[in-house]
Structure formats: C-alpha cells, structure tokens
Amino acid sequence: MNRVDKHNYYLDVADTILSRATCLRRNYGAVIVNNDEIISTGYNGAPRGRANCIDLGYCAREKLKIKQGQNYELCRSVHAEQNAIISARRKDIIGATLYMVGRDVKTGNVLEHIDSCIMCKRVIINAGIKYVVVRDIKSDEGYKIINVDDWVAYDEVLENHIKPLFNSEK
C-alpha cells in the first residue's frame, strides 16, 4: 500500500470540505496548515445569515452574464480562502500553507489551473500565509505550489491596469 504524501493528504481534506460549498457554478475548499497541524478550513458560500445561491436557485453572476475572472465583488459568496482565514487566528497562520481544491458543480471535475482571485491574493498576503498549494491533475505530483512572495512581487493591478495608463500618456 502506498502512503499518500502530505500535500495530497491536505488537498484531499480540502476536496472533502468543498462538498459544503453552496455555489451553483464552482465549489472550492481550503485548508490552512501550519507545522503539520490543520489550523482552519473554509469553503465558498454566502455570508452567514444570507441566502445561499443553492437556496435561491440561481447564480447572480450567471444572471448578469459576468465572465469568469471578472467582477468578483458581484459574487454572493465569501471565497474558501477568505473563510479559512476568517476562522483562524493570525498568529497561527503566519508562515502557513493554504491548500485549495476546486470542482465544477455541473461535471464534478477538478478545476484545472485554479488560482486565487485578486482580492483573495491580497487577503492571503496580509494574513502572512507563505505558500498556496492547489490541486493540479495534470502535474506528475498532482499539485502546484505557489510561493506567496511571488504574488507580492507581481502586482497584477499595477502591471495590467495602472502602468499601461501612464505609458499611454507619453
């Protein structure tokens, strides 16, 4: 019997957690681990007390015809990463690893090339998380490790939106 490696073990935990998600399009589960101890978990769903999309029977982003990767502020859900961070004490997650898995609701398939949205990246950076590990079924290892310092170094808002504005003024 082959013993599963630690990264895939925690990704399997995140995969189980996403079964609690309430989105009609994509479900995500996240686990924050520090010193080989699970600190907190999270999945995507509406803020406490508000109706979930599965209860409403529709996705607001789909009704508004919003493309994937755009206008996250119009999503009813708190993202899995955010919920995991909210449920933890900051001192326990400084230097931690966040594991995340996403699945398409309609097919049940693991989502390929997942990445945290721009707002979650900011929260992850400020929380002091060191690495994000995402399930990557195309990788030999079954996962991809992201160093959060790379997100600090590359500011996509500055690079993709602000710098081009200044360059076009010349």
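How much net charge surrounds residue 122 when only other residues with a Cβ under 11 Å from its Cβ are counted (Lys, Arg +1; Asp, Glu -1)?
-2
Determine the share of the chain's accessible area contributed by carbon and sulfur atoms, expressed in whole percent, with a 1.4 angstrom probe.
The C+S portion of the solvent-accessible surface of the chain is 49 percent.
Using 0.36 nm times the number of residues separating residue 113 and residue 160, minus their current alpha carbon distance, what extension gain do you get?
Computed gain between residue 113 and residue 160 is 14.9 nm.
So, for the chain, what is the accessible surface per residue at a probe of 1.4 Å, expressed in square angstrom?
Accessible area per residue: 61 Å².
Identify the residues of region 26-57 with backbone N under 19 Å of a label point that sits 7 angstrom from the Cα of residue 106 along the Cα-to-Cβ direction, or state none.
26-28, 53-57
What base-10 log of the normalised intensity I(q)/I(0) is obtained for region 22-77 from the Debye formula, alpha carbons as equal point scatterers, at q = 0.12 Å⁻¹?
Each listed q maps to, in turn, -0.35.
What order do you get for 8-18, 113-123 when each peptide is scored by the mean count of other beta carbon atoms within 10 Å, highest first?
Most protected by this proxy first, the peptides run 8-18, 113-123.
Work out the charge dipole of the chain with +1 on the Cβ of Lys and Arg and -1 on the Cβ of Asp and Glu about the Cα centre, then indicate which of 54, 113, 100 is farthest towards its positive end.
Of 54, 113, 100, it is 54.
Can you give the helix-only mean residue ellipticity at 222 nm for the chain, where every DSSP H stretch with n ≥ 4 adds -39500 (n - 2.57) and the sum goes over all residues, rounded to the nearest 500 deg cm²/dmol?
Calculated from helices alone, the mean residue ellipticity at 222 nm is -7500 deg cm²/dmol.
Suppose R0 equals 30 Å. What FRET efficiency, 1/(1 + (r/R0)^6) with r the Cβ-Cβ distance, do residue 1 and residue 37 give to the nearest 0.05?
Result of the calculation: an efficiency of 0.75.
Between residue 144 and residue 94, what FRET efficiency follows from the Cβ-Cβ distance if R0 is 22 Å, with the result rounded to 0.05?
0.45
Can you put 37, 156 in order of accessible area, largest first, using a 1.4 Å probe?
Descending order: 37, 156.
Can you check what the Kirkwood hydrodynamic radius comes to for the chain, Cα pairs only, in Å to one decimal?
16.9 Å
Are any of the pairs 106/138; 6/138; 121/144; 63/138; 6/144; 63/144 more than 24 Å apart by Cα-Cα distance, and if so, which?
Going by Cα-Cα distance, 63/138; 63/144 fall outside the 24 Å limit.
What residues of region 134-150 lie in the reach of a label at residue 125, counting those whose backbone N is under 13 Å from a point 7 Å from the Cα along Cα→Cβ?
What the label zone holds, given the 13 Å backbone N cut-off, is 148-150.
The values are calculated or read from the model by the stated rules, or taken from the named source; none is laboratory data. All values derive from a computational prediction rather than experimental measurement. Quick reminder, even Gly has a Cβ in these numbers, built from the backbone with ideal geometry, and neighbours come from all protein chains shown. Keep in mind that these areas ignore ligands, DNA and RNA; they rest on the heavy atoms of the full protein, side chains included. Shrake-Rupley method; radii C 1.70, N 1.55, O 1.52, S 1.80 Å.
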